[in-house]
Amino acid sequence: MYHDPSDPPVTICVLRSAKPGKQKEFEQVVSSMIASAMEFPGHLGTSTFRPIDADNPEYRIIFKFDKISNLKRWEESQVRQRWLELVEPLSQGTANVEKLTGLETWFTLPAKKAIVPPPRYKMALITGLAIFCLINIINFLFAPILNSLPPLIRSFVLITCLVSLMTYVVMPQMTKLFAKWLYPRQ
């Protein structure tokens with residue numbers, strides 16, 4: 001899986017509050033908007049987190065696209081504009097939107113305000129543990145196939161599998177598993 005460095009994968013985090021008494025309608029519109037986004041090319045998934053309590057009334061909607069260009073198609077679509085027009089009267093304040101395109105997207109969890117990556121040493125340890133396990137599993141399961149390939153192709157296949165699994169399968173699970181250590185409560 002090759003990604004053009006000028007058109008990288010992207011994670012979007014939207015913080016939005018519903019007007020008091022309009023939470024149910026707000027959630028319905030957001031749910032329908034997410035269903036529409038899922039039909040767009042490159043949409044990789046969405047997570048919605050309800051408000052924690054009355055002191056933190058914001059909904060956090062995190063969605064991912066395989067490329068910034070596909071996100072841009074969604075953002076500029078008439079479908080999205082119609083959903084925004086429907087959600088606006090149900091919302092209070094303005095939406096806070098963050099775009100993340102680097103390794104920090106491997107470490108996304110709901111937080112009270114902005115996504116603040118954990119300390120680099122924690123990200124390095126979790127990433128190293130995940131890569132160590134994946135490389136050993138891939139080598140064990142696919143060694144007969146990989147060993148028959150020329151070294152450059154073997155490296156390419158291994159790296160492609162590793163990065164894909166890390167991005168879409170392993171790191172989201174590792175982040176959940178180690179959430180208390182990565183994001184200790186202050």
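Right, residue 94: in contact with a helix residue (DSSP H, G or I) (Cβ under 7 Å, 6 or more places away or on another chain) and surrounded by fewer than 16 Cβ atoms within 10 Å (Cβ to Cβ) or not?
no
Would it be correct to say that residue 164 is within 30 Å of residue 121 (Cβ to Cβ) and surrounded by fewer than 13 Cβ atoms within 10 Å (Cβ to Cβ)?
Criteria met by residue 164.
Suppose the filter is outside any strand (DSSP E or B), assigned by TED's automatic domain parsing to the domain that holds residue 85 and surrounded by 16 or more Cβ atoms within 10 Å (Cβ to Cβ); does residue 34 pass it?
In short, yes.
Provide a single number: the residues in segment 48-79 that are without any contact (Cβ under 8 Å) to a residue 60 or more places away in the chain and within 12 Å of residue 12 (Cβ to Cβ).
Residues that pass the stated criteria total 10.
Please verify whether residue 164 is touching a residue at least 60 places away in the same chain (Cβ under 8 Å), part of a helix (DSSP H, G or I) and out of contact with any Leu (no Cβ under 6 Å at 6 or more places or on another chain), treating the condition exactly as stated.
So residue 164 passes the test.
Could you tell me which of the residues 117, 89, 150 is modelled with pLDDT under 80, out of contact with any His (no Cβ under 9 Å at 6 or more places or on another chain) and either over 26 Å from residue 67 (Cβ atoms) or not acidic (Asp, Glu) (or both)?
Checking each option against the conditions leaves just 117.
Within segment 37-50, can you find the residues that are touching a His at 6+ places or on another chain (Cβ under 9 Å) and part of a strand (DSSP E or B)?
none
Just wondering, is there one or more residues in segment 2-20 that are outside any loop (DSSP other than H, G, I, E, B), of a type outside the set (Phe, Trp, Tyr), out of contact with any strand residue (DSSP E or B) (no Cβ under 7 Å at 6 or more places or on another chain) and assigned by TED's automatic domain parsing to the domain that holds residue 91?
no
The values are calculated or read from the model by the stated rules, or taken from the named source; none is laboratory data. The structure displayed is predicted, hence computed values, not measured ones. When we count neighbours, we look across all protein chains shown, and the Cβ atoms used for this are built from the backbone with ideal geometry, even at glycine.
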